[in-house]
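Peer 1: Dropping a structure here in structure tokens format, bear with me for questions.
The values are calculated or read from the model by the stated rules, or taken from the named source; none is laboratory data. What you are looking at is a predicted structure, and each value in this text was computed from that prediction instead of being measured. Cβ atoms come from the backbone with ideal geometry, glycine included; neighbour counts cover every protein chain shown. Accessible surface areas use protein heavy atoms only, side chains included; no ligands, DNA or RNA. Shrake-Rupley method; radii C 1.70, N 1.55, O 1.52, S 1.80 Å.
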Amino acid sequence: MAGNPSGFDPDRILAHKFPETTSTYTERDVALYALGIGACGREAVDADELKYVYNENGQEYIEVLPTFAALFIHKTMGTGLNLPGLSYDPKLLLHGQQYIELYKPLPSRGYLDNKISLAGLHDKGKAAILEIETKSYDKMSGQLLCMNRTTLFLRGAGGFSSSSHPYSYTNYPKNQGSAGKIPKTQPFMVYEDCTRPSQALVYRLSGDYNPLHSDPIVAKIAGFSKPILHGLCTLGFAVRAVIKCVCKGDSSKVKCISGKFLLHVYPGETLVTEMWLEGSRVLYQTKVKERNRAVLSGYVDLHHVASSL
């Protein structure tokens, strides 16, 4: 690329073929995930949430929360970022945003093929922004079940293009997945939920074993007073709040999810999720009550909204 100070050619990354991965899970994994994002945390037999952990009233299968789909990115994040010519320190990687589209309710047990591609690459000078798209297909039927788009902020990996014409590539509509502007009006609904001191230790059992969330020494080296909660766990809490308050417990109404991670959460802190309804879109912002700081914002698009709201 002309004017490229490092000699790095972003087109090599655009041509890169990511290895496909598989995801296998059972009802036990589904129930453990639900507990990991706080389901039935207030009330063990919660009328809206027992179905995520138990075959209630003779139901044949337990239901799967929509954000369970985010687990299908774990293998990609662990093995799929060895991009040609792009060097970065994994310790400086930040998870910036997560976008999920759901095309069918997820089965309570599954064997999926995950096809990975590059959705975006942006040179921000001192950092690079990498967007990875993961499409998950049922292995038996070949049906597309969901799509994840993961935005990663790679500190120290920028500066690979001309500073006067920084490189930027996106393969999807610009308005898709953007966090959305939080209204200044009073929220339509507010839901308060407490994370447990052991929340990260439970959530990590769903596949994200980064020691930042469990090892006090690693957390202190990273600049935190103690291990922090996984961002995707906080997203699960927020979407649960939307399902409970706006969807009246019906998770099948969720069409797509967008979340932008703003700040860390310590296990044991209280999460307050504020919601605003704009047509079939629920804008939300989640704050930590103890510090009065916003930690997550985004939206949830619904197939339809109950007329009683």
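Peer 1: Is there a residue in the range 280-300 that is closer than 17 Å to GLU192 by Cα, part of a loop (DSSP other than H, G, I, E, B) and open to solvent by less than 40 Å² (accessible area, probe 1.4 Å)?
Peer 2: Scanning the range 280-300 turns up no residue that is closer than 17 Å to GLU192 by Cα, part of a loop (DSSP other than H, G, I, E, B) and open to solvent by less than 40 Å² (accessible area, probe 1.4 Å).
Peer 1: Can we say LEU235 is part of a helix (DSSP H, G or I) and touching a strand residue (DSSP E or B) at 6+ places or on another chain (Cβ under 6 Å)?
Peer 2: Numbers: part of a helix (DSSP H, G or I): yes; touching a strand residue (DSSP E or B) at 6+ places or on another chain (Cβ under 6 Å): yes.
Taking the combined requirement at face value, the residue satisfies it.
Peer 1: Now for a different question. For the range 4-63, what are the residues that are open to solvent by 50 Å² or more (accessible area, probe 1.4 Å), free of Cβ contacts under 8 Å to residues at least 24 places away in the same chain and β-branched (Val, Ile, Thr)?
Peer 2: VAL45
Peer 1: Also, I was wondering about something else. From the list GLN176, GLN186, exactly one residue is at pLDDT below 90, open to solvent by 30 Å² or more (accessible area, probe 1.4 Å) and either more than 22 Å from ILE73 (Cβ to Cβ) or touching a Lys or Arg at 6+ places or on another chain (Cβ under 9 Å) (or both). Which is it?
Peer 2: GLN176
Peer 1: How about the range 75-90: which of its residues are within 19 Å of the chain's Cα centre (by Cα) and either assigned to a helix (DSSP H, G or I) or of a type in the set (Phe, Trp, Tyr) (or both)?
Peer 2: Once the filter is applied, which keeps residues that are within 19 Å of the chain's Cα centre (by Cα) and either assigned to a helix (DSSP H, G or I) or of a type in the set (Phe, Trp, Tyr) (or both), the range 75-90 yields LYS75, THR76, MET77, GLY78, THR79, PRO90.
Peer 1: Which of the residues that make up the range 91-124 are open to solvent by less than 40 Å² (accessible area, probe 1.4 Å), in contact with a Pro (Cβ under 9 Å, 6 or more places away or on another chain) and either assigned to a loop (DSSP other than H, G, I, E, B) or not charged (D, E, K, R) (or both)?
Peer 2: ILE100, LEU102, LEU106, ILE116, LEU121, HIS122
Peer 1: Could you please let me know if LYS226 is assigned to a loop (DSSP other than H, G, I, E, B), open to solvent by 60 Å² or more (accessible area, probe 1.4 Å), of a type outside the set (Gly, Ala, Ser) and modelled with pLDDT of 95 or more?
Peer 2: Answer is yes for this residue.
Peer 1: Is one or more of the residues making up the range 149-164 under 30 Å from TYR61 (Cβ atoms) and either open to solvent by 50 Å² or more (accessible area, probe 1.4 Å) or within 16 Å of the chain's Cα centre (by Cα) (or both)?
Peer 2: yes
Peer 1: Restricting to the range 239-261, count the residues that are closer than 22 Å to ARG196 by Cβ and either open to solvent by 50 Å² or more (accessible area, probe 1.4 Å) or of a type in the set (A, V, I, L, M) (or both).
Peer 2: Qualifying residue count, the range 239-261: 4.
Peer 1: Look through ARG12, ARG42 and report the one residue that is among the basic types (Lys, Arg), modelled with pLDDT under 90 and either under 29 Å from LEU130 (Cα atoms) or in a loop (DSSP other than H, G, I, E, B) (or both). Break it down stepwise before answering.
Peer 2: Values: ARG42 fails: modelled with pLDDT under 90.
Answer to the selection: ARG12.
Peer 1: Something else now. Quick one: in the range 189-199, of everything that is polar (S, T, N, Q) and touching a helix residue (DSSP H, G or I) at 6+ places or on another chain (Cβ under 9 Å), which residue is surrounded by the most Cβ atoms within 10 Å (Cβ to Cβ)?
Peer 2: Looking only at the range 189-199, we keep the residues that are polar (S, T, N, Q), and these are 195, 198-199.
Applying the additional criterion that residues be touching a helix residue (DSSP H, G or I) at 6+ places or on another chain (Cβ under 9 Å) yields 195, 199.
Details: THR195: 23, GLN199: 26.
So the residue we want is GLN199.
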